[in-house]
1. So, with a 1.4 angstrom probe, what is the percent of accessible area on the stretch 22-64 that is carbon and sulfur?
2. Mind checking the per residue accessible area of the stretch 1-101 for me, 1.4 Å probe, whole number of Å²?
3. State the volume of the convex hull built on the alpha-carbon positions of the chain, expressed per residue in Å³ and rounded to an integer.
4. Please list, by residue number, every one of the trypsin sites (Lys or Arg not before Pro) in the stretch 23-111 that is coil in DSSP and has at most 12 other beta-carbon atoms within 10 Å.
5. Name the GluC sites (Glu not before Pro) in the stretch 32-114 that are in a loop by DSSP and that have at most 16 other C-beta atoms within 10 Å, would you?
6. Which one, Ala33, Ala97, Ala56, has the greatest fluctuation when you compute a Gaussian network model over the chain with C-alpha springs under 10 angstrom?
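The values are calculated or read from the model by the stated rules, or taken from the named source; none is laboratory data. These figures come from a predicted structure and were not determined experimentally. We place every Cβ from the backbone using ideal geometry, glycine too, and count neighbours over all the protein chains shown. Only protein heavy atoms, including side chains, enter the accessible area calculation; ligands, DNA and RNA are left aside. Shrake-Rupley method; radii C 1.70, N 1.55, O 1.52, S 1.80 Å.
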Amino acid sequence: QVQLVESGGRLVQAGASLRLTCAASGPNFDAYAMGWFRQAPGKEREFVASIIASGATPYYADSVKGRFTISRNNAENTVYLQMNSLKAEDTAVYYCAVKDKRGSFTAIPNFGSWGQGTQVTVSS
């Protein structure tokens, strides 16, 4: 059973770049799509990006398209979120999760085995 630990979040200025890392433990990491989600204060958790098991196909929320890049290294059981041109509205706790149900690659109910989250704060 996969366990996930996010890292890399910190306080940065608007326009800066940051790379988040999600380290997975357990077997069969390369059999599952992975996703990044975020939750800002007072708001619902929302989809950010996801990537299929092989890493060949990414999906992005419109709000981050062109700025964020999701990638994975299956040999290291790791998924990354490269965030560029950060905006104040990107401030949130960022979570990685395993897609363990069939269907949409963007729907929260299709993901399980959530990590603990890492705080990203973008000051303007």
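1. Values: 1010 of 2080 Å².
The value for the stretch 22-64 is 49 percent carbon and sulfur by accessible area.
2. Working: 4940 Å² over 101 residues.
Result: 49 Å² of accessible area for each residue.
3. 91 Å³
4. Details: sites: Arg38, Lys43, Arg45, Lys65, Arg67, Arg72, Lys87, Lys99, Lys101, Arg102; in loops: Lys43, Arg45, Lys65, Arg67, Lys87, Lys101, Arg102.
Answer in residue order: Lys43, Lys65, Lys101, Arg102.
5. On the way: sites: Glu44, Glu46, Glu76, Glu89; in loops: Glu44.
Sparse-neighbourhood loop GluC sites (Glu not before Pro): Glu44.
6. Ala56
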